[in-house]
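To start, the structure under review is shown below, and the notes come after it.
The values are calculated or read from the model by the stated rules, or taken from the named source; none is laboratory data. Note that the structure is a prediction, hence the values are computed from the model and not measured. For neighbour counting, all protein chains shown are included, and Cβ atoms are generated from backbone atoms with ideal geometry for every residue, glycine included.
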Amino acid sequence: MELVLSEYHQHRQEEFRCFADSELDQDHQFPHQNLIKAGNRGYMGLPIPKEWGGAGDDFLTYILMLEEVSKVCASTGVILSVHTSVGTFPLLYYGSEEQKKRFLPNLSSGKLLGAFALTETGAGSDAAALVTTATAVDGGYVLNGSKLFITGGGEADLFTVFATVDRSMGRTGITAFLVEKDRPGLTAGPPEKKMGLNRSHTAEIRMEDLFIPVSNRLGEEKAGFMIAMSLLDGGRIGIAAQGLGLARAALEFTINHLKQQEHAGVNTDQSSAFIIADLAAKTAAVRLLIYRAAMAKGSGKRCTKEAAMAKFMATDLAMEAATKCLDLCQSAGCGVDNPLTRYFCDAKAPQIYEGSNQIQRIVVARELLSQKNLSQL
Ligand code: COS
C-alpha cells in the first residue's frame, strides 16, 4: 500500500473509512441522508475544481472515497460514482461556460443529482445502435425515445441524454443533451425490482416530444458517441472501486468469522486458508490496478485500457469473493439479512453495468491488438 499511496492519500483514506463506518446508514430506502452527509463533506463534487463548487481533489482521492463508501453501502457507492463520473464530468469536460455556471456548482454541492442516459432496449453493449431521436426544430431539438436502467432514475435532477440527429449515420449521428427532470415530456418509470443494490434506484426514463433548447446541447452536434465513451472510462474506474469495496467487505466478514470459529476451538482447515489467501492476494492486485487507472485518469491521459482492466478484474473479484465467502461461512452467511448475502446480491450488477465485463475484455483486446509497442504489458 505504502508503495502507492502518498501520506496525503493515506490520510484521506482514513477520513473516508471513518465517514463510511460511522455516518452511512443502511436501511432499505433511497439513501437521501447518506447523500446529504456526503454533500456536506464535499464528497458529491470531490474531483471537481473549486472554481466550480467542487472540493478540487484529485481523481485518486475520489476513487479512495468510492471504495470506502462502497465497502459499507454499495448502493450509495454507485450513486456517488454515477453522479460524479458520468453525471457531473460531462459538464466539466464538455460544457460551455454558461452551462458550467448553470449546473456545476449545484451538482458539486449535491443540490442536484446527475444521471447518464445512454442504454436502450436495443442498445446496451452496442451503444451506437441507439434509436432515441433528436429532431432539429426552431431554437433547439425535440427528443423522442426511452432509456433503460438509469441509475438515479426518478430521483435524479439532470440527465446527460444521448440521441441521434440522423439515424442513418450510426454512431456519428449521436449527440449529447442536458435534460432537466422537470422538462415537459420527460417521465421516469418506477424503480426496477433488482436482485441487489436496492437502495440505488434504477428506472426507465421516457422522452415524448421533449423540447430542448440549443443551449442544452452538450458539445458539438454529432460528437455524442466520443463524449459517452470518454466519460465511461472514468465511470468504469468508479465501478471498479465499488467492486473492490465489495470484495474487501466480503473477505473481512469471512476472516472475522473464521477468527471467531478459532476462538471457539474450530481450526481453519487448509482449503479455507487457501481460499482466503488467494482472495486477499487478488484484492491487493486489483487495488493496484485500480489506483494505476485512477492515476492515469488524473494525469489527463486517455486510460481506456487501464479503466476497462480495472473494471472487469475488480467486479469479477467482488462476485468471486462473495461466492467463495458464502461457501466458507455457509449458514453463518446465508440469512436474508446477513451482510454476505447482501454483498453477493450487490456484486452481480457491477459486472454488467457501465459496459459488461465481456465488453471490457473486448476493449482491452482491441487496444492490445492495435499497439505496436507491447512493453507496457
Ligand atoms: N475515449 C475517447 N474516444 C473513444 C473512446 C474513449 N474511451 N472509445 C472509443 N472512442 C472513439 C474511437 O476512437 C472512435 O473514433 P474514430 O471514429 O475517430 O476512430 C469512435 O469512438 C468509435 O469507437 P469504436 O470503434 O470503439 O466504436 P464501437 O461502436 O465499435 O464501440 C464498444 C464498441 C463496445 C466499445 C462500445 O459500444 C461500448 O463501450 N459499449 C458499452 C456501452 C456501455 O458501457 N454502456 C453502459 C452505459 S452506462 S450503464
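Can you tell me how many residues in region 109-158 are surrounded by fewer than 17 Cβ atoms within 10 Å (Cβ to Cβ), within 15 Å of the ligand (Cβ to nearest atom) and of a type in the set (D, E, K, R)?
1
Being polar (S, T, N, Q), out of contact with any Asp or Glu (no Cβ under 6 Å at 6 or more places or on another chain) and within 16 Å of the ligand (Cβ to nearest atom) is the requirement here; does Thr315 meet it? I'd like the intermediate steps shown before the answer.
Values: polar (S, T, N, Q): yes; out of contact with any Asp or Glu (no Cβ under 6 Å at 6 or more places or on another chain): yes; within 16 Å of the ligand (Cβ to nearest atom): yes.
Yes.
Go through the residues of region 119-132 one by one and say whether even a single one is polar (S, T, N, Q), not in a loop (DSSP other than H, G, I, E, B) and not assigned by TED's automatic domain parsing to the domain that holds Asp21. Write out each step before concluding.
The initial filter retains those residues of region 119-132 that are polar (S, T, N, Q), namely 119, 121, 125, 132.
Right, trim to not in a loop (DSSP other than H, G, I, E, B) and you get none.
There is no residue in region 119-132 that is polar (S, T, N, Q), not in a loop (DSSP other than H, G, I, E, B) and not assigned by TED's automatic domain parsing to the domain that holds Asp21.
From Ala241, Ala280, Ala294, Ala273, which residue is within 30 Å of Asn338 (Cβ to Cβ) and surrounded by 19 or more Cβ atoms within 10 Å (Cβ to Cβ)?
Values: Ala280 fails: surrounded by 19 or more Cβ atoms within 10 Å (Cβ to Cβ); Ala294 fails: within 30 Å of Asn338 (Cβ to Cβ); Ala273 fails: surrounded by 19 or more Cβ atoms within 10 Å (Cβ to Cβ).
Selected residue: Ala241, the only one of Ala241, Ala280, Ala294, Ala273 that is within 30 Å of Asn338 (Cβ to Cβ) and surrounded by 19 or more Cβ atoms within 10 Å (Cβ to Cβ).
Between Leu112, Leu130, which is of a type in the set (A, V, I, L, M, F, W, C), closer than 19 Å to Asp182 by Cβ and at pLDDT 95 or above? Reasoning before the result, please.
Working: Leu130 fails: closer than 19 Å to Asp182 by Cβ.
So the residue among Leu112, Leu130 that is of a type in the set (A, V, I, L, M, F, W, C), closer than 19 Å to Asp182 by Cβ and at pLDDT 95 or above is Leu112.
The conditions are (1) more than 16 Å from the ligand (Cβ to nearest atom); (2) part of a loop (DSSP other than H, G, I, E, B); (3) among the aliphatic types (A, V, I, L, M), and Leu104 fails exactly one of them. Which is it?
Failed condition: (2).
Conditions (1) free of Cβ contacts under 8 Å to residues at least 12 places away in the same chain; (2) more than 14 Å from the ligand (Cβ to nearest atom); (3) touching a helix residue (DSSP H, G or I) at 6+ places or on another chain (Cβ under 9 Å), marked per residue:
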| position | (1), (2), (3) |
| --- | --- |
| Ala332 | no, yes, yes |
| Tyr343 | no, yes, yes |
| Ala347 | no, yes, yes |
| Ile362 | yes, no, yes |
| Lys372 | yes, yes, no |
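Inspect region 87-94 for any residue being in a loop (DSSP other than H, G, I, E, B) and away from the ligand (no atom under 16 Å from the Cβ) and give the result as yes or no. Even if it seems obvious, please write down each step before you answer.
Within region 87-94, the first condition is being in a loop (DSSP other than H, G, I, E, B), and the residues that meet it are 87-88.
Right, trim to away from the ligand (no atom under 16 Å from the Cβ) and you get none.
Within region 87-94, not a single residue is in a loop (DSSP other than H, G, I, E, B) and away from the ligand (no atom under 16 Å from the Cβ).
Scan region 242-278 for residues that are assigned to a loop (DSSP other than H, G, I, E, B) and either in contact with a helix residue (DSSP H, G or I) (Cβ under 9 Å, 6 or more places away or on another chain) or closer than 14 Å to Gly77 by Cβ (or both) and report the count. Even if it seems obvious, please write down each step before you answer.
Quick first cut of region 242-278, residues assigned to a loop (DSSP other than H, G, I, E, B) only: 264-269.
Still in the running and either in contact with a helix residue (DSSP H, G or I) (Cβ under 9 Å, 6 or more places away or on another chain) or closer than 14 Å to Gly77 by Cβ (or both): 266-268.
So the answer is 3.
Of the conditions (1) farther than 27 Å from Ser356 by Cβ; (2) in contact with a helix residue (DSSP H, G or I) (Cβ under 6 Å, 6 or more places away or on another chain), Glu98 fails just one. Which one is it?
Answer for Glu98: the failing condition is (2).
Could you pull out the residue among Leu328, Leu377 that is outside the structural domain of Gly235 (by TED's automatic domain parsing), away from the ligand (no atom under 14 Å from the Cβ) and either assigned to a helix (DSSP H, G or I) or free of Cβ contacts under 8 Å to residues at least 60 places away in the same chain (or both)?
On the way: Leu328 fails: outside the structural domain of Gly235 (by TED's automatic domain parsing).
Answer to the check: Leu377.
Let me confirm something: among Leu60, Leu80, which residue is touching a residue at least 12 places away in the same chain (Cβ under 8 Å) and within 16 Å of the ligand (Cβ to nearest atom)? Step through it out loud before you land on a result.
Numbers: Leu60 fails: within 16 Å of the ligand (Cβ to nearest atom).
After applying the criteria, what remains is Leu80.
Listed here are the residues, each with its yes/no results for (1) under 18 Å from Glu252 (Cα atoms); (2) more than 16 Å from the chain's Cα centre (by Cα); (3) assigned by TED's automatic domain parsing to the domain that holds Met195.
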position: Cys18; (1), (2), (3): yes, yes, no
position: Asp21; (1), (2), (3): yes, yes, no
position: Ile36; (1), (2), (3): no, yes, no
position: Gly39; (1), (2), (3): no, yes, no
position: Pro49; (1), (2), (3): no, yes, no
position: Ala55; (1), (2), (3): no, yes, no
position: Glu67; (1), (2), (3): yes, no, no
position: Val72; (1), (2), (3): yes, no, no
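Given the residues Lys297, Lys301, Lys372, which is the only one that is basic (Lys, Arg) and either modelled with pLDDT of 95 or more or in contact with a Phe, Trp or Tyr (Cβ under 7 Å, 6 or more places away or on another chain) (or both)? Give the derivation first.
Working: Lys301 fails: either modelled with pLDDT of 95 or more or in contact with a Phe, Trp or Tyr (Cβ under 7 Å, 6 or more places away or on another chain) (or both); Lys372 fails: either modelled with pLDDT of 95 or more or in contact with a Phe, Trp or Tyr (Cβ under 7 Å, 6 or more places away or on another chain) (or both).
From the options Lys297, Lys301, Lys372, the qualifying one is Lys297.
Restricting region 23-34 to residues that are within 19 Å of the chain's Cα centre (by Cα) and assigned to a helix (DSSP H, G or I), which is surrounded by the most Cβ atoms within 10 Å (Cβ to Cβ)?
Per the criteria, the residue is Asn34.
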